[in-house]
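Beneath this line is the structure, given in structure tokens, with notes to follow.
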Amino acid sequence: MSKTHRTMIVLSLAAALLPSAVLADRERDYDRARRAVEKGEALALTEILTRVHSDLGGEVVGVEFERKRERWVYEFKVIDPAGRLWEVYVDAATAAVLKREGH
């Protein structure tokens, strides 16, 4: 099983366990992302993951899609091999890693 496929399964399982208010936010993220991809303003999540997989530095445990500074951004929550949580911001149109914040 590919890492991307495994990540998608983990995200799907996590979504199934979230409270309904959080699920509603995720549904809005999905709708915004779908529309942005259809308009050519963003790459699909699977394409982004393929391009930035090695740059993320760990296992993806969450993802958000939002508008920041006039561009669409995927925000990945990543757990590195040492167990630290990172937020990695990726330009949705170019797959460029914009910023990485550790917690």
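The values are calculated or read from the model by the stated rules, or taken from the named source; none is laboratory data. Predicted model, so just to flag it, every value in this text is computed and none were measured. We place every Cβ from the backbone using ideal geometry, glycine too, and count neighbours over all the protein chains shown. Side chains included, ligands, DNA and RNA excluded: accessible areas come from the protein's heavy atoms. Shrake-Rupley method; radii C 1.70, N 1.55, O 1.52, S 1.80 Å.
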(request) Sticking with the crude label model, points 7 Å out along Cα→Cβ, report the distance from residue 50 to residue 82 in nm, one decimal please. (result) 3.3 nm
(message) Net charge around residue 69, counting only other residues with Cβ within less than 12 Å of its Cβ (Lys, Arg = +1; Asp, Glu = -1)?
(response) +1
(request) Take 79, 48 and sort them by solvent-accessible surface of the protein heavy atoms, 1.4 Å probe, largest at the top. (result) 79, 48
